[in-house]
1. Suppose the filter is outside any loop (DSSP other than H, G, I, E, B) and modelled with pLDDT of 90 or more; does Ala141 pass it?
2. Does the stretch 4-17 include one or more residues that are in contact with a Leu (Cβ under 8 Å, 6 or more places away or on another chain), buried (at least 19 other Cβ atoms within 10 Å of the Cβ), closer than 24 Å to Asp149 by Cβ and modelled with pLDDT of 90 or more?
3. Being assigned to a strand (DSSP E or B) and either surrounded by fewer than 19 Cβ atoms within 10 Å (Cβ to Cβ) or out of contact with any Cys (no Cβ under 9 Å at 6 or more places or on another chain) (or both), is that true of even one residue in the stretch 87-104?
4. Consider Trp166 carefully, then state whether it is surrounded by 15 or more Cβ atoms within 10 Å (Cβ to Cβ), closer than 24 Å to Val40 by Cα and at pLDDT below 90.
5. If I go through the stretch 39-76 residue by residue, how many of them are within 15 Å of Leu148 (Cα to Cα) and either hydroxyl-bearing (Ser, Thr, Tyr) or touching a Pro at 6+ places or on another chain (Cβ under 9 Å) (or both)?
6. Looking at Ala56, Ala70, Ala132, which one is part of a helix (DSSP H, G or I) and surrounded by 14 or more Cβ atoms within 10 Å (Cβ to Cβ)?
7. I need every pair where a residue in the stretch 58-83 that is more than 19 Å from Lys137 (Cβ to Cβ) has its Cβ under 8 Å from the Cβ of a residue that is of a type in the set (Asp, Glu), sequence separation at least 6 or different chains.
8. Kindly indicate whether Val117 is touching a helix residue (DSSP H, G or I) at 6+ places or on another chain (Cβ under 9 Å) and either at pLDDT below 90 or surrounded by 18 or more Cβ atoms within 10 Å (Cβ to Cβ) (or both).
Amino acid sequence: MTVRKLIDLMELLPPNRRLLGLDIGEKTVGLGLSDISRTVATPMETLILKKFSKTAVQLLDICVEHEVAALIIGLPVNMDGTEGPRCQSVRQFARNLEAHFDMEMGFWDERLSTVAVTKTMIEADMSRAKRAENVDKMAAAYILQGALDFMANHTANNEEPPSDSWG
């Protein structure tokens, strides 16, 4: 497995395979799954982080079951574009995955993803309990959708990524 810049990862993706978006928190990992055309991201589930090896096995099983070509991992970049301790933790999570299975990965800026998702859920009049239950997987889908939209726009317009520091 190699962590790549999204622009480089695009070149390696086989057709008709899904992408899995990850929103990695301190206690949970939210998952979002793309369709096979890589157009739409859908919230999938939230994994509870306990022992890393068990989480890695769960992710591998999901990747095999859904024929996932690559992981898109939300990178919690600071508002000023710098990387703090949370970014280091997410990057370490990705490095740890390398020891468990062979899957291409790319990072995507997740700034404000949880805020945007929470705002949408509040506007939909979702209860606090329902928001807590759904926020991580919805944030993962939001992160993944951003990456999918970038890939679609890049393919159509040969657009450069917002930053090349996420690889």
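The values are calculated or read from the model by the stated rules, or taken from the named source; none is laboratory data. In this text, all values refer to a predicted model and were calculated from it rather than measured experimentally. Methodologically, a virtual Cβ is constructed for each residue, glycine included, from the backbone with ideal geometry; neighbour enumeration extends over all protein chains shown.
1. Numbers: outside any loop (DSSP other than H, G, I, E, B): yes; modelled with pLDDT of 90 or more: yes.
Here the answer is yes, as Ala141 does meet what is asked.
2. no
3. Here is the first cut: in the stretch 87-104, the ones assigned to a strand (DSSP E or B) are 104.
Restricting the remaining residues to those that are either surrounded by fewer than 19 Cβ atoms within 10 Å (Cβ to Cβ) or out of contact with any Cys (no Cβ under 9 Å at 6 or more places or on another chain) (or both) gives 104.
Checking the stretch 87-104: at least one residue is assigned to a strand (DSSP E or B) and either surrounded by fewer than 19 Cβ atoms within 10 Å (Cβ to Cβ) or out of contact with any Cys (no Cβ under 9 Å at 6 or more places or on another chain) (or both).
4. Details: surrounded by 15 or more Cβ atoms within 10 Å (Cβ to Cβ): yes; closer than 24 Å to Val40 by Cα: yes; at pLDDT below 90: yes.
It is true that Trp166 is surrounded by 15 or more Cβ atoms within 10 Å (Cβ to Cβ), closer than 24 Å to Val40 by Cα and at pLDDT below 90.
5. Quick first cut of the stretch 39-76, residues within 15 Å of Leu148 (Cα to Cα) only: 39-43, 68-74.
In the following step, the residues that additionally are either hydroxyl-bearing (Ser, Thr, Tyr) or touching a Pro at 6+ places or on another chain (Cβ under 9 Å) (or both) were identified as 39, 42, 69.
Here the count works out to 3.
6. Details: Ala70 fails: part of a helix (DSSP H, G or I); Ala132 fails: surrounded by 14 or more Cβ atoms within 10 Å (Cβ to Cβ).
After applying the criteria, what remains is Ala56.
7. Ala69/Glu104; Val77/Glu83; Val77/Asp109; Val77/Glu110
8. Details: touching a helix residue (DSSP H, G or I) at 6+ places or on another chain (Cβ under 9 Å): yes; either at pLDDT below 90 or surrounded by 18 or more Cβ atoms within 10 Å (Cβ to Cβ) (or both): yes.
Yes: the conditions hold for Val117.
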